[in-house]
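I have placed the structure first, in the form of structure tokens, so that the comments after it can refer back to it.
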Amino acid sequence: MRRYSAEVERKIRLQAQVRDWTRAGLLRADQGAALRAELRTDLRRTNDLLRAALALFTAIVVAAAVFLMSTAFEIRDEVTTGAVCLIAAVACVALAEYLVGAFQLYRHGIEEALAAAAVVLVGVGVADVSHASPFLVWSRVWLIVASIAACAAYVRFGFLYAAIGAVVFAAFTAFQFQLAEPVSRTIAAAVFGAAFLIARTARIGHGDEFPGDEYATLQAAACAGTYLVLNVHISDAIPWIGLGVPSVPAWFYWGTYAATWLIPAAALATAIREKDRALLTVSIALALCTLVTNKPYLGMTRQSWDPMILGALLAGGALALRRWLDAGPSGQRGGFTAARILARDRDILSALATASVAWHARAHEPPPQQPPSSDFAGGRSGGAGGGATY
Amino acid sequence: MTTLEQLEAWRSAGAITDDQCAALLALVRKQRFSVHLELNALLYLGVLAFGAGLAWTVREHFASLGDAAIVASLSVIVAGSLSYCFSRAAPYSTGQVAAPTFAFDYVLLLGCLAFGVDLWFVEFRFQLLREQWDMYLLASAGLYLALAYRFDNRLVLSLGLSTLAGWFGVRFSPEGFFAGAMRRVALAYGGSVAAVGVWMHHLAVKRHFLEAYLHVAANAALFALASGVIAGDARLLWLAGLVVVAAVAIERGVNARRFAFVVYGVLYAYIGISAEITSRLHGEMSILSYYVISAVAVVAGLFAASWVVGREE
């Protein structure tokens with residue numbers, strides 16, 4: 001069923017590990033080169049940035065081609081539009097299959113964008129052909145069909161984001177039935193929870209070897225999904241999603257409050273026990289969301305010094321953990337070490353430092369033109385505050 | 001064959017030594033698991049959150065806290081941070097220098113953020129420079145860049161470059177760039193940053209900083225040129241400039257195998273060229289046909305580039 005054999009997938013992952021080990025000095029350069037040559041496959045891969053650009057422009061081609069077809073044939077009615085989308089979806093899948101077969105592409109961007117476009121188009125096609133209306137019904141059909149199609153894309157090509165998309169689409173279907181907010185959120189959380197259990201069971205069966213690494217990522221994504229649909233104050237932590245705080249009954253409100261603490265705690269404990277990096281990253285991010293949304297949950301007013309307390313907590317925690325790990329035998333405790341092993345970590349931190357220009361730039365706002373009177377100028381500091389106004 | 005089996009096979013075949021095999025097995029079995037990245041991320045987030053809270057508190061509560069208390073507290077943080085860094089830093093070197101302690105880079109960043117808040121507050125309250133308040137930006141950018149070079153700190157280098165952008169008047173948001181005069185300023189900023197980066201590289205001073213300079217310069221210049229094509233006057237002039245700069249970015253990116261620059265060049269050039277061509281086309285059909293043909297051409301070009309120079313083993 002899968003386009004790429006398990007043996008090839010394992011070789012690709014091992015090749016990446018050998019590259020990391022060589023850069024970290026654990027293997028000599030000549031050893032690394034020899035081992036990578038041994039692991040070479042016929043598949044052709046490309047640099048991640050070129051891959052992203054190829055995916056973007058392929059998506060432009062598909063979108064423009066579909067609109068061009070509709071315009072050229074003056075297609076206005078829903079059924080014909082749906083049929084065009086379905087034909088386009090089939091064409092995308094066929095082209096992706098051809099490119100993978102003819103050019104041995106593996107994560108090359110083009111075949112990925114074609115598969116993703118097919119998922120979107122098949123959803124639109126089925127929703128249009130089935131006269132799904134009003135929009136809520138249309139989106140319901142779209143989400144269900146897209147979820148199945150995305151699942152198929154994962155099974156066929158192994159695109160992990162397609163599997164994550166399939167779970168997200170399935171979970172979001174719950175919000176298209178005009179159900180009460182607690183019911184919608186509970187169903188969505190149950191979908192994510194089921195995905196988590198399935199991924200976890202598969203992960204335990206396979207360990208860290210392929211496809212266990214994929215299930216680990218899926219498990220972490222499902223855990224994040226469960227948390228995000230249950231936290232009703234999530235817009236306080238992630239303002240750009242633009243969601244308001246829904247009106248929910250007290251039992252649900254306080255139940256979700258408990259969940260916002262329990263989910264990150266359980267995920268963190270599991271991640272530490274199993275040394276699961278994906279789950280560790282997600283659980284830390286969720287724990288931060290919980291800290292940020294705690295005050296809004298309790299109805300307390302946010303204070304300007306809250307970020308300072310959070311910052312001190314994070315920095316202090318990181319430093320304390322670092323010291324504690326360093327003080328262990330050979331600089332590690334329970335297998336955890338604060339030392340950098342792979343050069344990849346340094347590359348990520350360098351990229352983060354360069355990208356930080358974008359968010360540091362937001363801090364350079366001019367001071368207001370009309371300042372309130374100064375303590376010094378007004379005499380509040382010294383002179384018994386004689387000149388100050390109140 | 002699993003990774004563990006493969007390692008054993010390589011050891012048996014003599015491709016790796018027993019010691020290497022043992023070290024790699026410890027990593028694969030997770031008997032040695034590094035949380036270096038996670039701890040750095042937490043520390044960085046902590047410093048950013050602290051800095052943001054500091055700025056917010058100063059803005060909100062300056063009246064109740066009092067000017068002297070605020071200036072003194074911020075100055076203590078700045079002095080403490082700088083004293084920590086100067087007392088622990090290795091001697092200056094023009095090459096790459098590792099941070100002496102885990103917290104070193106972040107303490108310096110905290111000091112710089114507190115310095116920025118301090119300057120902002122002094123100008124806010126006492127209006128010493130009034131219309132020329134942006135000289136604070138120039139001065140602080142100079143200080144940040146000097147500290148970045150002294151302590152080999154990329155975070156502070158980025159802070160310095162963004163502060164310099166503030167002085168130039170550049171805001172890293174589309175609204176800022178689409179405002180007429182801002183484009184020329186952004187172009188001047190991009191050119192200056194690239195020139196300084198290349199010059200320092202030629203002087204062999206912190207050569208590893210060059211890429212950070214070029215990322216910022218390329219984005220500022222290309223964004224300004226593309227926005228000039230979309231909404232500026234003398235659009236053909238902007239277009240010519242965009243094509244030249246994008247071509248240089250692509251050519252240099254391909255040669256140095258720094259594909260981010262190839263992507264910048266392709267993306268900004270496509271946006272600019274498409275804006276110019278579609279403004280001259282009439283009717284949906286011709287515009288959509290243009291997008292199909294042009295995007296196919298870009299995909300073909302990128303595919304060829306990925307085939308020839310961008311292959312991953």
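The values are calculated or read from the model by the stated rules, or taken from the named source; none is laboratory data. Here the structure is a predicted model, which means the values were calculated and not measured. Note: ideal-geometry Cβ built from the backbone for every residue, glycine included; neighbour counts use all protein chains shown.
Mind listing whichever residues of the stretch B:74-108 are within 17 Å of residue B:126 (Cα to Cα) and either surrounded by fewer than 18 Cβ atoms within 10 Å (Cβ to Cβ) or polar (S, T, N, Q) (or both)? Even if it seems obvious, please write down each step before you answer.
As a first pass, look at the stretch B:74-108 and keep what is within 17 Å of residue B:126 (Cα to Cα): B:74-75.
Listed by number, the list holds a single entry, B:75.
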Taking residue A:350 as the residue in question, decide whether it is polar (S, T, N, Q), closer than 27 Å to residue B:65 by Cβ and at the interface with chain B (Cβ under 8 Å from one of its Cβ atoms).
no
Given (1) facing chain B (nearest Cβ under 10 Å); (2) closer than 22 Å to residue B:47 by Cα, identify the lone condition not met by residue A:289.
(1)
Sort through B:83, B:73, B:64 and tell me the only one that's without any contact (Cβ under 8 Å) to a residue 24 or more places away in the chain and within 30 Å of residue B:207 (Cβ to Cβ).
B:83
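From the list A:54, A:86, A:43, A:95, which residue is over 28 Å from residue B:286 (Cα atoms) and either hydrophobic (A, V, I, L, M, F, W, C) or in contact with a strand residue (DSSP E or B) (Cβ under 7 Å, 6 or more places away or on another chain) (or both)?
Values: A:54 fails: over 28 Å from residue B:286 (Cα atoms); A:86 fails: over 28 Å from residue B:286 (Cα atoms); A:95 fails: over 28 Å from residue B:286 (Cα atoms).
Checking each option against the conditions leaves just A:43.
Does any residue of the stretch B:49-71 turn out to be of a type in the set (A, V, I, L, M), at the interface with chain A (Cβ under 8 Å from one of its Cβ atoms), over 21 Å from the mean Cα position of the chain (by Cα) and surrounded by 15 or more Cβ atoms within 10 Å (Cβ to Cβ)? Give the derivation first.
Within the stretch B:49-71, the subset of a type in the set (A, V, I, L, M) is B:49, B:52, B:54-55, B:58, B:63, B:65, B:68-71.
Imposing the further condition that a residue be at the interface with chain A (Cβ under 8 Å from one of its Cβ atoms) reduces the set to B:49, B:52, B:54-55, B:63, B:68.
Right, trim to over 21 Å from the mean Cα position of the chain (by Cα) and you get B:54-55, B:63, B:68.
With surrounded by 15 or more Cβ atoms within 10 Å (Cβ to Cβ) added as a condition, the list becomes B:54-55.
Yes, the conditions are met somewhere in the stretch B:49-71.
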Positions within the stretch B:8-47 being facing chain A (nearest Cβ under 9 Å), part of a helix (DSSP H, G or I) and of a type in the set (A, V, I, L, M), in sequence order:
B:23, B:24, B:26, B:27, B:28, B:37, B:39, B:41, B:42, B:43, B:45, B:47
When residue A:157 is evaluated against the numbered criteria (1) surrounded by 20 or more Cβ atoms within 10 Å (Cβ to Cβ); (2) over 27 Å from residue A:100 (Cα atoms); (3) over 16 Å from the mean Cα position of the chain (by Cα); (4) in contact (Cβ under 8 Å) with a residue 60 or more places away in the chain, which criterion, by number, is the only one it fails?
(2)
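Of all residues being among the hydroxyl-bearing types (Ser, Thr, Tyr) and in contact with a helix residue (DSSP H, G or I) (Cβ under 6 Å, 6 or more places away or on another chain) in the stretch B:131-159, which is farthest from residue B:92 (Cα to Cα)? Just the residue, please.
Going through the stretch B:131-159, the residues among the hydroxyl-bearing types (Ser, Thr, Tyr) turn out to be B:136, B:140, B:144, B:149, B:158.
From what's left, in contact with a helix residue (DSSP H, G or I) (Cβ under 6 Å, 6 or more places away or on another chain): B:136, B:140, B:144, B:158.
Values: B:136: 26, B:140: 21, B:144: 16, B:158: 20 Å.
By that ranking, first place goes to B:136.
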Lone qualifier among A:239, A:264, A:249 - being of a type outside the set (A, V, I, L, M) and touching a residue at least 60 places away in the same chain (Cβ under 8 Å)
A:249
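Let's see how each residue does on (1) more than 14 Å from chain A (Cβ to nearest Cβ); (2) of a type in the set (Val, Ile, Thr); (3) over 22 Å from residue A:58 (Cβ atoms):
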site	(1), (2), (3)
B:225	yes, no, yes
B:228	yes, no, yes
B:246	no, no, no
B:257	no, no, yes
B:261	no, no, no
B:269	no, no, no
B:311	no, no, no
Are any of the residues in the stretch A:224-235 part of a loop (DSSP other than H, G, I, E, B), at pLDDT below 95, of a type in the set (Val, Ile, Thr) and surrounded by fewer than 22 Cβ atoms within 10 Å (Cβ to Cβ)?
no
Within the stretch B:141-155, residues touching a Leu at 6+ places or on another chain (Cβ under 6 Å) and facing another protein chain (nearest Cβ under 9 Å) come out as B:153, B:155
Among the numbered conditions (1) surrounded by 15 or more Cβ atoms within 10 Å (Cβ to Cβ); (2) within 26 Å of residue B:209 (Cβ to Cβ); (3) modelled with pLDDT under 95, tell me where residue A:355 comes up short.
(1)
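Looking only at the stretch A:305-329, filter to residues that are more than 9 Å from chain B (Cβ to nearest Cβ) and not aliphatic (A, V, I, L, M); which one of those is nearest to residue A:285 (Cα to Cα)? Quick ask: steps written out before the conclusion?
Looking only at the stretch A:305-329, we keep the residues that are more than 9 Å from chain B (Cβ to nearest Cβ), and these are A:320, A:324, A:327-329.
Add one more test, that the residue is not aliphatic (A, V, I, L, M), and what stays is A:324, A:328-329.
Values: A:324: 22, A:328: 26, A:329: 29 Å.
By that ranking, first place goes to A:324.
Condition check ((1) within 16 Å of residue B:9 (Cβ to Cβ); (2) crowded, with 16+ Cβ neighbours inside 10 Å; (3) basic (Lys, Arg)) across all residues:
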| residue | (1), (2), (3) |
| --- | --- |
| A:22 | no, yes, no |
| A:33 | no, no, no |
| A:41 | no, yes, no |
| A:45 | no, yes, yes |
| A:50 | no, yes, no |
| A:70 | no, yes, no |
Helices (runs of 4 or more DSSP H) fully within the stretch A:34-142 counting 1 or more residues that are at the interface with chain B (Cβ under 10 Å from one of its Cβ atoms) and touching a residue at least 60 places away in the same chain (Cβ under 8 Å)
A:48-72
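This table checks each residue for (1) crowded, with 20+ Cβ neighbours inside 10 Å; (2) within 24 Å of residue B:297 (Cβ to Cβ).
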| site | (1), (2) |
| --- | --- |
| A:66 | yes, yes |
| A:78 | no, no |
| A:86 | no, no |
| A:98 | no, yes |
| A:118 | yes, yes |
Checking residue A:350 against (1) of a type in the set (Gly, Ala, Ser); (2) in contact with a Lys or Arg (Cβ under 8 Å, 6 or more places away or on another chain); (3) outside any helix (DSSP H, G or I), the condition it does not meet
(3)
For the subset of the stretch B:89-128 comprising residues that are assigned to a helix (DSSP H, G or I) and more than 10 Å from chain A (Cβ to nearest Cβ), which member is nearest to the chain's Cα centre (by Cα)?
B:108
